[in-house]
Structure formats: C-alpha cells, structure tokens
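So the structure is just underneath, and the comments pick up after that.
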Amino acid sequence: MGIESLARPEIVAMKPYSSARVEAPGNGVLLNANESPRPLLDRSAGLNRYPDPQPADLVTRLAALYRVAPDQLLVTRGSDEGIDLLVRVFCRAGQDAILHCPPTFGMYRIAAQTQGAAIVSVNRQTGKDLRLVEQDVLDALRADERIKLVFLTSPNNPTGDLVGEGSLRRLLEACREQAIIVLDEAYVEFSAQPSASALIAEYENLVVLRTLSKAWASAGLRCGAVLANPALLSLLRRVIAPYPIPSPVLELALRMLGEDMLEKQRELLREIANNKRYLLQILQNRGFIRGIIPGMANFVLIQVDDAAGLLNFCARQGVMIRGFPSDPLLSNHLRVSVGSEPELDQFAAVLDAWEKAQ
C-alpha cells in the first residue's frame, strides 16, 4: 500500500505551489520574489528577503537531534501546524474521521472540526490514572472505516502516561491499510522512553511530532517538526505555507541547537526533574487533594474537591494553574506545571492558605 492511497485524492492530484526560493537559490541578484531591495532598519539585515522554505541548516540539525534522515523531517511552526497539515491532507470534509483519546491535547479535535472531519473519541479508562486502553482503540478502528488519523500522545497531556513500543507496534499493524498513527512526542524528553522515530523506516503509516517548545525552553520560537517517511512529507509540502519559518526564528533555533547548548539543556531537564519531586512533596498529605497523577512530563494532574474554587483562589494570589471546566472527563482536575523552586514555594504558600480556609 502506498501512503497516497490514504490521502485525499485532490491533494494527491494537486500541483504544489512553487515559490521563488524553491525555483531558485536565495543568492545572487534577487529580482524574482517581489521583495524590497533593502531593509528599513540596519539591525534587520536580511528581513527584506524571504527565508528558505525548509532551511537546510535547521533541517540537518533537527534531523541529527531526532535521529532521522533529513528527508524524513519537515520543519513546522510548532506541533500545531503539523497537526493541521495532517488533517487537511488526509481527511475529507464530511467523509473521513480522526480518532483521539480524551482527555488529551485539544488541538486534535479543533483541527478536525475546522476541516469538517468527524471525531471518534475513545475515552481513557475511568479511575485514578486515566490510562489509555489499547483494546478500546483497536475496537474503534475495526468498527469505523472512516478513521484516517489516530492521534496518540506520549507522554499524554494532561495525564502524563506513555504509549509503549509494543502497544504502538500492534496499533500500527492493525491500521496499516486504513489509517496513520500520529504520535505526538512534545514531552518525550521528560521521560525515559526513547522516541518512536526509529520505527519510521519500518512503518510508512507512522508520523512522529516533535517540538522545541517544552524541553528546549523555546515555546516562543514556534519551531516544531513532523517526522515521517518522505512520501508522506511530500504530501504535506503541497499544502504547507510557502515560507513557514521566519528568519528570526531560524537564527534563534540554530543558536538553540548549537553544541554548546546541549549541556545547558541537560541541566534544565535535571532541574525540572528535581523541581517535580519538590512539587509532588508539596502536594502530598493535603486533605482536599483526592488524587495525584504524576505522569512522565513536566506537569502533574491532581483531583481536588473544588477545582473551580481552588483555580480562582490561586489566580487571585497571582498563581496560575490549568483547569478544564469544559471537559467532563476532567471534572475537579487541575494541571500544575513544574515551575522554578521560588515559583513552587509561592504555590505551596497558596495551598497552605486554601487549606486553612476550608
């Protein structure tokens, strides 16, 4: 089976837009892209020119970081753009569907709704840990042939649980002729589990999403990557914006991925791991906390008696945590990100005040 058989026929037949930078290199006398011949500010050198659509230096560094070949990587504006591209390429409005496993990242649903695709929800198991049930996903796939994309997150947001390699392989085999498994690894650096990117060469229906937003402390860059086989990425290239990576983002991303930054990134991960242990200590033995799901990412999910009340109380004290008022599966749950030690000290003081007020 070729991956094109799962894509929208009109995308397969589409002739992609060919930008000036694709047709000719960005050097020499540039009279082919209707650009300004000079910048307005001295400090904005180069901003008058369009950047490369897929900057070779950045592609090479990200491919080395994620241990894939350069032709297995597409740079995107964060993971969100990758999600949107996948839904647009593989889901026909009113005909196809995605599968997601709530509670999970809400943009899978939003991307499907925007495209007019149906949404098949396979809820996680009820109980203390809200874990994914592999058999439920398999049953849903067999029951609904409309499903073209299966969105899984490892570690999952907001529960922090992982999709093991054995489970992933079984799902990939089960839907090899039907659908693509999209494994979102936005938080994988916080876990001990290796990336699933090593399986891309083996499974043409596997897509892995990565980002610099979380473990690389670069949420403001909006720099992510789609990892997949070249044939699938070729389809995404047909609908991606002509110049998705702004020049300042390219410059900062290359700086972030310099060799001298690797140890700093490891230090950050160690700091976050230590602070997470401190956060879990802060949460222990509090009467109003009914459950703690520590997970394998840089956040903790807690179940409390009065989520709305505690959320508002924290906000009035200048501490912002995440609530889920519109998600019935997360009734009375709150997500707390791992902050710095002083930030967690302040959070602990707010919890003390809340406890005393009860």
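The values are calculated or read from the model by the stated rules, or taken from the named source; none is laboratory data. In this text, all values refer to a predicted model and were calculated from it rather than measured experimentally. Quick reminder, even Gly has a Cβ in these numbers, built from the backbone with ideal geometry, and neighbours come from all protein chains shown. What goes into the accessible areas is simple: the full protein's heavy atoms, side chains included, and nothing from ligands, DNA or RNA. Shrake-Rupley method; radii C 1.70, N 1.55, O 1.52, S 1.80 Å.
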Filter result for Val182 (closer than 17 Å to Val59 by Cα, part of a strand (DSSP E or B), touching a strand residue (DSSP E or B) at 6+ places or on another chain (Cβ under 7 Å) and aliphatic (A, V, I, L, M)): no
Within the stretch 116-137, tally of residues that are of a type in the set (A, V, I, L, M) and either farther than 18 Å from Ile180 by Cβ or assigned to a loop (DSSP other than H, G, I, E, B) (or both): 5
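Determine whether the stretch 40-59 contains at least one residue that is part of a helix (DSSP H, G or I) and aromatic (Phe, Trp, Tyr).
There is no residue in the stretch 40-59 that is part of a helix (DSSP H, G or I) and aromatic (Phe, Trp, Tyr).
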Odd one out for Leu168 among (1) surrounded by fewer than 19 Cβ atoms within 10 Å (Cβ to Cβ); (2) modelled with pLDDT of 95 or more: (1)
All positions within the stretch 309-358 that are touching a strand residue (DSSP E or B) at 6+ places or on another chain (Cβ under 7 Å) and either exposed (fewer than 14 other Cβ atoms within 10 Å of the Cβ) or among the polar types (S, T, N, Q) (or both): Asn332, Ser337
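Suppose the filter is open to solvent by 80 Å² or more (accessible area, probe 1.4 Å), within 30 Å of Gly46 (Cα to Cα) and of a type outside the set (Phe, Trp, Tyr); does Leu252 pass it?
yes
Determine whether the stretch 56-67 contains at least one residue that is closer than 29 Å to Thr153 by Cβ and of a type in the set (D, E, K, R).
In the first step, residues of the stretch 56-67 are kept if they are closer than 29 Å to Thr153 by Cβ; the result is 58-67.
When the remaining residues are screened for being of a type in the set (D, E, K, R), the result is 61, 67.
Yes: the stretch 56-67 contains one or more residues that are closer than 29 Å to Thr153 by Cβ and of a type in the set (D, E, K, R).
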Filtered residue count, the stretch 94-113, keeping only those that are touching a helix residue (DSSP H, G or I) at 6+ places or on another chain (Cβ under 6 Å) and either open to solvent by 50 Å² or more (accessible area, probe 1.4 Å) or at pLDDT below 95 (or both): 1
From Gly127, Gly116, residue being free of Cβ contacts under 8 Å to residues at least 12 places away in the same chain, open to solvent by less than 70 Å² (accessible area, probe 1.4 Å) and not β-branched (Val, Ile, Thr): Gly127
Options Asp96, Asp80, Asp71: the member that is closer than 21 Å to Trp216 by Cβ, among the acidic types (Asp, Glu) and either touching a residue at least 60 places away in the same chain (Cβ under 8 Å) or in contact with a strand residue (DSSP E or B) (Cβ under 9 Å, 6 or more places away or on another chain) (or both): Asp80
